[in-house]
Amino acid sequence: MERELRLMKGNEAVAEAAIRAGADGYFGYPITPQSEILEYLMEAKPYETTGMVVLQAESELAAINMVYGGAACGKKVMTTSSSPGISLKQEGITYIAGAELPCLIVNVVRGGPGLGTIQPAQSDYFQAVKGGGHGDYHLIVLAPASVQEMADFVELGFDLAFRYRNPVMILSDGAIGQMMEKVYLNPHRERSKDVPEWATTGKPPTRSRNIITSLDLDPEAQERFNLKLVAKYNEIREKEVRYEEFQCDDADYLLVAYGTSARVCQKSVQLARMEGIRVGLLRPITLFPFPSERISVLADRVKGILSVEMSAGQMVEDVLLAVNGKVTVKHYGRMGGMIPTPEEVVENLRSKIIGG
Amino acid sequence: MAEVTGIKEIIKPENLVYKRTGIMTDTVLSYCPGCGHGTAHRILAELIEEEGLQSKAIGVSPVGCSVLLYNFLDIDWQEAAHGRAPAVATAIKRLLPDRFVFTYQGDGDLAAIGTAETIHACNRGENFLIIFINNGIYGMTGGQMAPTTIPGMKSSTSPFGRDVRMMGNPLKMTDIVATLPGTYYVTRQSVHTPANVKKTKRALRKAIQYQFHNKGTCFVEIVSNCPSGWKMTPVESIRWMEENMLPFYPLGDMKVPDEKTGK
Ligand SMILES: Cc1ncc(C[n+]2csc(CCOP(=O)(O)OP(=O)(O)O)c2C)c(N)n1
Ligand code: SF4
């Protein structure tokens, strides 16, 4: 089917892709730099066309719990926010993970801690990939690097969420949310009429009652459940790793970067190569599961790795684990809403890796 | 032999005056002796059965003593995080508007940590039923002060009685939600005497039926007892409730739809 070409902001692309993916419900609360998502949906009025519910909640706390309620009905539901709002959502996210519910959460990250800044950052990596809320759980985390991927990952995110009965997070940032690019939009998918067998929709006489809960007071049963989650996460690690490589084949040095940083690093690779330094870029697309195996393979071939993030150094810990001491791994990052320049990255590659 | 025939005579279906409610499961209730939660559950179960709503009902249970409510009634259930039931129910009802959706919440759940969710759901006029069990205390965590603990009342975190100057005043959520344009039917009942059980059942039946009017939130408070948290025998707790709780939380309807206009 024909894909429609449009010029859109990343945030708008998320909203439009959600309608087209056949989402059943969106629950959100305004926060910069992602308020366009709720605004776009209110303007598009999908409740009059596809029947998608759109609701501005009284808080992020309420919004994520609405997502819980909708997801537990077997519906395709989502919420979006930015860092401070995502912190507030953590309670609901761990309940959703604990109840094994599918849903999509978008974090258009801004700098922190606290109220921080409204400018882009990648400082919520730990929160997104290591759990975020309490208890042993993981989100599936997708990291878009373009407006196109903002749109594509909505549908992918819902598919993964339902395949694994697990919350999926799109970890974007203020730059990708706000920038305009061309984007090919998928044709409209009908809202699904399928009702998952676990969904709470009212108990017909033909089945026993469905209970959505994350509570088990019996430690042995709770541990069995924890082990079931571990097995699920291992299956996800095995099957769902996604990444992109840029000029890695002959690389002596490797940059690892996702999202906005990866866009910068792509330019850095070109600059470095003009100077005769053979650099490649590995861009993780899934941050959980992390492309550890691929990084480990590349670590056997390169002389050093620079992890580039708009943070004080978060993803670098996963790179270090993947490399396991085989070569030098260093971090370079800007914070507080600052975006590194391609030149800065090359400079740091030189001083921290090549010279070091 | 004569005796056995006598029993058979007695248990004939036409002599039936009281039976197990079909909607109640065989799971043993987790409540202390004399606790009002069990009575409230029973009424709710009877009504779901009598109104033929088993296949339409989706309940949202709270965090509190009734956290395991989903084990006791044979309907579909969602267990919400502490205080969030009205947000959870909002989405359920909006996505499945023809179902019967209700929350069942204690006073800590509804009037402390879930105040915002409660008020906003009621103010938006979400079309579901909120059943609010007000026992003036945090039962589950061992009898701490609740937002509803009445002045002077002792609890484990107000061991000398609630001093309102230091600890703040009790919050009358039912009075508050009755003032909101989104609520359709708001009432305060109790289940401590057979007469009150009947009245509560009547009120809850109305609230259940009103949900299908699609006119807004129905809110039924049930003033209840917590013998364990109050450190009283069940009988003492009933007496204490009558003498102290009910004057502070008077029973009766606070907002009723106009039967003629339905508004
Ligand atoms: C976020 C959170 N905070 C605190 C608790 C601990 N907790 C469990 S039940 C409860 C209070 C329950 O009291 P109430 O709502 O009055 O219900 P009751 O037990 O009296 O029926 C609290 C504070 C929790 N489970 N979650
Ligand atoms: S602690 Fe109180 S509210 Fe909880 S079951 Fe016991 S009597 Fe009932």
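The values are calculated or read from the model by the stated rules, or taken from the named source; none is laboratory data. For clarity, every value in this text was computed on a predicted model and none was experimentally measured. All Cβ positions, even for glycine, are placed from backbone atoms using ideal geometry, and neighbour counts span all protein chains on display. What goes into the accessible areas is simple: the full protein's heavy atoms, side chains included, and nothing from ligands, DNA or RNA. Shrake-Rupley method; radii C 1.70, N 1.55, O 1.52, S 1.80 Å.
Observations on the model:
- For the stretch A:310-325, putting each phi into the Karplus relation 6.51 cos²θ - 1.76 cosθ + 1.60 with θ = phi - 60° gives couplings of 8, 7, 7, x, 10, 4, 3, 5, 6, 5, 4, 5, 5, 6, 6, x Hz, in residue order, rounded to whole numbers and with x for Gly and Pro.
- Looking at the protein assembly as shown, the accessible area is 41 square angstrom per residue; that uses a 1.4 Å probe and ignores ligands, DNA and RNA.
- Expected 222 nm ellipticity per residue - DSSP helices of 4 or more, -39500 (n - 2.57), all of chain A, to 500: -12000 deg cm²/dmol
- Once the C-beta distance of A:LEU5 and A:SER192 is scaled by a Förster radius of 25 Å, the resulting FRET efficiency is 0.40 to the nearest 0.05.
- For the stretch A:98-168 versus the stretch B:29-62, the gap between their alpha-carbon centres in whole angstrom: 38 Å
- Seen against the Cα atoms of chain A and their longest principal axis, helix A:147-164 is set at about 50 degrees.
- Put simply, the amide H of A:PHE288, placed in the peptide plane, has neighbours under 5 Å in A:VAL141, leaving out anything fewer than 5 places away on its chain.
- Cα centroid separation - the stretch A:44-87 against the stretch A:275-353, whole Å: 35 Å
- Candidate aspartates and glutamates for bridging to B:LYS154, where Cα separation is under 18 Å - those fewer than 8 sequence places away on the same chain excluded: B:ASP107, B:ASP163, B:GLU236, B:GLU242, B:GLU243
- For chain B, the mean residue ellipticity at 222 nm estimated from helices alone is -9000 deg cm²/dmol, where every DSSP H run of n ≥ 4 contributes -39500 (n - 2.57) and the total is divided by all residues, rounded to the nearest 500.
- Crossing angle, helix A:10-20 versus chain A [Cα axis fit, 0-90 degrees, rounded to tens]: 40 degrees
- In degrees, nearest ten, helix A:60-72 long axis to first principal axis of chain A (Cα): 60 degrees
- Note on the protein assembly as shown: with neighbouring protein chains present and a 1.4 Å probe, carbon and sulfur make up 54 percent of its accessible heavy-atom surface.
- Structure remark: mean-square fluctuation, Gaussian network model of chain A, C-alpha springs under 10 Å; the largest value among A:VAL168, A:VAL14, A:VAL302 belongs to A:VAL302.
- Listed by chain and number, the aspartates and glutamates whose C-alpha is less than 15 Å from the C-alpha of A:LYS228, apart from same-chain residues fewer than 8 away, are A:GLU100, A:ASP136, A:ASP216, A:GLU220.
- Take the accessible area of B alone and of A alone, subtract that of the pair with a 1.4 Å probe, and the total buried over both chains is about 2700 Å².
- Across A:GLU197, A:GLU91, A:GLU244, mean-square fluctuation computed from a Gaussian network of chain A (C-alpha pairs under 10 Å connected) peaks at A:GLU197.
- Threshold 20 Å² - residues in the stretch B:87-113 whose accessible area is reduced by that much or more when the chain is no longer isolated, probe 1.4 Å: B:ALA87, B:VAL88, B:ALA91, B:ARG94, B:LEU95, B:LEU96, B:ARG99
- Between the listed residues A:ASN65, A:THR260, A:ILE140, the Cα displaced farthest toward the positive end of the dipole of the protein assembly as shown, a dipole computed from Cβ unit charges relative to the Cα centre, is found at A:ASN65.
- Within the straight-line cut-off of under 14 Å between alpha carbons, the aspartates and glutamates reachable from B:LYS206 are B:GLU46, B:GLU50, B:GLU51, B:GLU221, B:ASP253, B:ASP258, B:GLU259, sequence neighbours fewer than 8 places apart in one chain being disregarded.
- Site pair B:LEU68 and B:ASP253 shows an inter-label distance of 3.8 nm when each label is modelled 7 Å from Cα along Cα→Cβ.
- List of the stretch B:38-59 residues, accessible area with partners at least 10 Å² below that of the chain alone (1.4 Å probe): B:GLN54, B:SER55, B:ILE58
- For the residue pairs A:LYS239/A:LYS303; A:LYS130/A:LYS352; B:LYS172/B:LYS199; A:LYS203/A:LYS232; A:LYS193/B:LYS201, the alpha carbons lie more than 31 Å apart in A:LYS193/B:LYS201.
- For B:THR157, distant residues with modelled amide H under 5 Å away: B:MET145
- The GluC sites (Glu not before Pro) of the stretch B:188-263 meeting both criteria, a DSSP state outside H, G, I, E and B (loop) and at most 13 other C-beta atoms within 10 angstrom of the site's C-beta, are B:GLU259.
- 1.4 Å probe, heavy atoms, protein only - residues of the stretch A:194-220 losing at least 10 Å² accessible area vs chain alone: A:THR200, A:THR201, A:GLY202, A:LYS203, A:ARG209, A:ASN210, A:ILE211, A:ILE212, A:THR213, A:LEU215, A:LEU217
- Top of B:GLY52, B:GLY34, B:GLY136 by mean-square fluctuation, Gaussian network on chain B, Cα under 10 Å: B:GLY52
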